[in-house]
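The values are calculated or read from the model by the stated rules, or taken from the named source; none is laboratory data. Quick caveat: nothing in here was measured; it's all calculated off a predicted structure. All Cβ positions, even for glycine, are placed from backbone atoms using ideal geometry, and neighbour counts span all protein chains on display.
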Amino acid sequence: MDSLLTLPAQDGSDIRILQITDTHLFAGKHQSLLGVNTWSSFDAVLDAIEVQQRQYDLIIATGDLAQDHTVEAYQHFVAGINRLPKPCVWLPGNHDFQPAMVDTLADAGIKSDKHVLLGDHWQLVLLDSQVFGVPHGMLSEYQLEWLHTALSKYPERHTLVLLHHHPLASGCTWLDQHSLRNPHQLEAVLQHFPRARNLVCGHIHQELDLDWHGRRVMASPSTCVQFKPHCTNFTIDTLAPGWRWFTLQPDGTLQTEVNRLQSDMFRPDLDSEGY
Ligand SMILES: Nc1ncnc2c1ncn2[C@@H]1O[C@@H]2COP(=O)(O)O[C@H]2[C@H]1O
Ligand SMILES: [Fe+2]
């Protein structure tokens with residue numbers, strides 16, 4: 001947890017990051033979540049990213065990488081992500097099984113660092129908000145103290161704080177019961193660090209970009225099934241699988257863009273009532 005990864009800016013001084021989230025892979029490549037084959041949709045997302053030929057420095061994987069707790073599912077994640085030529089860092093989501101996740105990813109050379117210095121001006125901190133066995137999130141005292149310690153070391157750096165669970169209401173009532181339960185404690189740490197202005201989540205399988213106490217919270221589409229914004233009850237969306245790009249500039253400016261597959265070949269089963 002203390003290890004610190006340092007990456008130079010590859011192309012001038014901007015840092016470019018690719019976010020992949022909520023792949024929900026299974027041991028079997030034929031298996032589906034809500035009617036979407038999650039291995040195939042992940043594979044198609046990777047194909048589309050390769051076609052884009054964009055320059056970037058780092059991949060962030062923001063949890064729910066596996067749906068079924070198996071080593072094989074994490075091996076599929078590794079095989080996919082290793083198609084891309086850049087380092088990847090990750091954090092766990094509510095569905096992940098860390099005993100299988102940690103070793104499988106580390107054995108394949110995927111970095112477990114949770115504090116990343118990017119060029120001369122930026123840093124990432126990756127938090128573990130998982131409460132094993134339940135869908136909602138919580139940051140433990142240990143996580144909160146670690147965050148404070150990490151930010152105290154480099155308070156002058158512009159910072160992306162990454163966690164799986166959304167710390168504010170998303171607008172989907174059914175998903176908001178599964179949000180981060182102690183956002184006030186996260187806010188209490190961040191208020192000491194004015195350059196920790198940007199938070200990035202997964203979990204809600206939809207694009208979101210909102211102000212939270214003067215900070216920016218962004219969430220991103222899953223590489224498999226999408227949830228429809230602003231719904232009271234569980235509702236699947238027909239939008240295609242997606243991913244997100246970030247460009248971080250030396251003065252703290254952040255630019256971001258969500259991309260999705262152009263094809264509609266991953267249509268979910270709209271009659272599903274949950275999982
Ligand atoms: N019908 C449902 N009602 C409420 N929560 C659900 C339903 N179906 C699934 N969920 C949970 O909501 C979570 C949202 O995203 P996750 O992929 O983390 O996992 C999901 C499930 O744990
Ligand atoms: Fe989740």
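Residues in region 15-25: is at least one surrounded by fewer than 21 Cβ atoms within 10 Å (Cβ to Cβ) and over 19 Å from the mean Cα position of the chain (by Cα)? Talk me through it step by step, then tell me what you get.
Step one: list which residues in region 15-25 are surrounded by fewer than 21 Cβ atoms within 10 Å (Cβ to Cβ), which gives 16.
When the remaining residues are screened for being over 19 Å from the mean Cα position of the chain (by Cα), the result is none.
Within region 15-25, not a single residue is surrounded by fewer than 21 Cβ atoms within 10 Å (Cβ to Cβ) and over 19 Å from the mean Cα position of the chain (by Cα).
Kindly list the number of the only condition in (1) in contact with a helix residue (DSSP H, G or I) (Cβ under 9 Å, 6 or more places away or on another chain); (2) of a type in the set (Ser, Thr, Tyr); (3) away from ligand 1 (no atom under 16 Å from the Cβ) that fails for SER129.
(3)
Can you find even one residue in region 90-113 that is touching an Asp or Glu at 6+ places or on another chain (Cβ under 7 Å), away from ligand 2 (no atom under 16 Å from the Cβ) and farther than 19 Å from GLY28 by Cα?
No, because not a single residue in region 90-113 is touching an Asp or Glu at 6+ places or on another chain (Cβ under 7 Å), away from ligand 2 (no atom under 16 Å from the Cβ) and farther than 19 Å from GLY28 by Cα.
Can you tell me how many residues within region 165-222 are in a helix (DSSP H, G or I) and either more than 17 Å from the chain's Cα centre (by Cα) or acidic (Asp, Glu) (or both)?
Step one: list which residues in region 165-222 are in a helix (DSSP H, G or I), which gives 173-176, 183-190.
Then drop every residue that is not either more than 17 Å from the chain's Cα centre (by Cα) or acidic (Asp, Glu) (or both), which leaves 173-174, 176, 183-190.
Qualifying residue count, region 165-222: 11.
Pairs only if they're at least six apart or on different chains, beta carbon under 9 angstrom, first in region 197-212 and away from ligand 1 (no atom under 16 Å from the Cβ), second of a type in the set (Asp, Glu); list them, first residue then second.
Filtered contacts from region 197-212: TRP212/GLU187.
Among the numbered criteria (1) of a type in the set (Asp, Glu); (2) closer than 30 Å to LYS86 by Cα; (3) touching a Gly at 6+ places or on another chain (Cβ under 8 Å), which one does ASP269 miss?
(2)
Being under 19 Å from GLY214 (Cβ atoms) and either of a type in the set (D, E, K, R) or more than 15 Å from ligand 1 (Cβ to nearest atom) (or both) narrows it down to one of GLU145, GLU156, so name that one. Before the answer, list the steps.
Numbers: GLU145 fails: under 19 Å from GLY214 (Cβ atoms).
Result: GLU156 is the single residue among GLU145, GLU156 that is under 19 Å from GLY214 (Cβ atoms) and either of a type in the set (D, E, K, R) or more than 15 Å from ligand 1 (Cβ to nearest atom) (or both).
From the list LEU127, LEU118, LEU139, which residue is surrounded by 15 or more Cβ atoms within 10 Å (Cβ to Cβ) and more than 16 Å from ligand 2 (Cβ to nearest atom)? Step through it out loud before you land on a result.
On the way: LEU127 fails: more than 16 Å from ligand 2 (Cβ to nearest atom); LEU139 fails: more than 16 Å from ligand 2 (Cβ to nearest atom).
Among LEU127, LEU118, LEU139, only LEU118 is surrounded by 15 or more Cβ atoms within 10 Å (Cβ to Cβ) and more than 16 Å from ligand 2 (Cβ to nearest atom).
Would you be able to tell me the number of residues in region 147-164 that are outside any helix (DSSP H, G or I) and not acidic (Asp, Glu)?
First, the residues of region 147-164 that are outside any helix (DSSP H, G or I): 154-164.
Among the residues that remain, those that are also not acidic (Asp, Glu) are: 154-155, 157-164.
Of the residues in region 147-164, 10 are outside any helix (DSSP H, G or I) and not acidic (Asp, Glu).
I'm trying to understand the selection: among the residues of region 252-264, which are surrounded by fewer than 13 Cβ atoms within 10 Å (Cβ to Cβ) and either modelled with pLDDT under 95 or in a strand (DSSP E or B) (or both)? Step through it out loud before you land on a result.
Within region 252-264, the subset surrounded by fewer than 13 Cβ atoms within 10 Å (Cβ to Cβ) is 253, 255, 257, 262-264.
Of everything in region 252-264, those that are surrounded by fewer than 13 Cβ atoms within 10 Å (Cβ to Cβ) and either modelled with pLDDT under 95 or in a strand (DSSP E or B) (or both) turn out to be GLN255, GLU257, SER263, ASP264.
(1) buried (at least 16 other Cβ atoms within 10 Å of the Cβ); (2) closer than 22 Å to VAL258 by Cβ: which one isn't true of GLN52, the others all being true?
So the condition that GLN52 fails would be (1).
If a residue counts only when it is touching a residue at least 40 places away in the same chain (Cβ under 8 Å), which strands (runs of 3 or more DSSP E) contained entirely in region 27-146 have at least 3 such residues? Full working, then the answer.
Working: elements: 58-61, 88-90, 115-118, 122-126.
Fully inside region 27-146 and qualifying: 58-61, 115-118, 122-126.
Return the residue satisfying two criteria in turn: it lies in region 84-115 and is of a type in the set (S, T, N, Q) and either surrounded by fewer than 17 Cβ atoms within 10 Å (Cβ to Cβ) or over 17 Å from PHE42 (Cβ atoms) (or both), and of such residues it is farthest from the chain's Cα centre (by Cα). Explain how you work it out, then say what you get.
Looking only at region 84-115, we keep the residues that are of a type in the set (S, T, N, Q), and these are 94, 98, 104, 112.
From what's left, either surrounded by fewer than 17 Cβ atoms within 10 Å (Cβ to Cβ) or over 17 Å from PHE42 (Cβ atoms) (or both): 94, 98, 112.
Working: ASN94: 12, GLN98: 16, SER112: 14 Å.
Looking at the filtered set, the residue picked out is GLN98.
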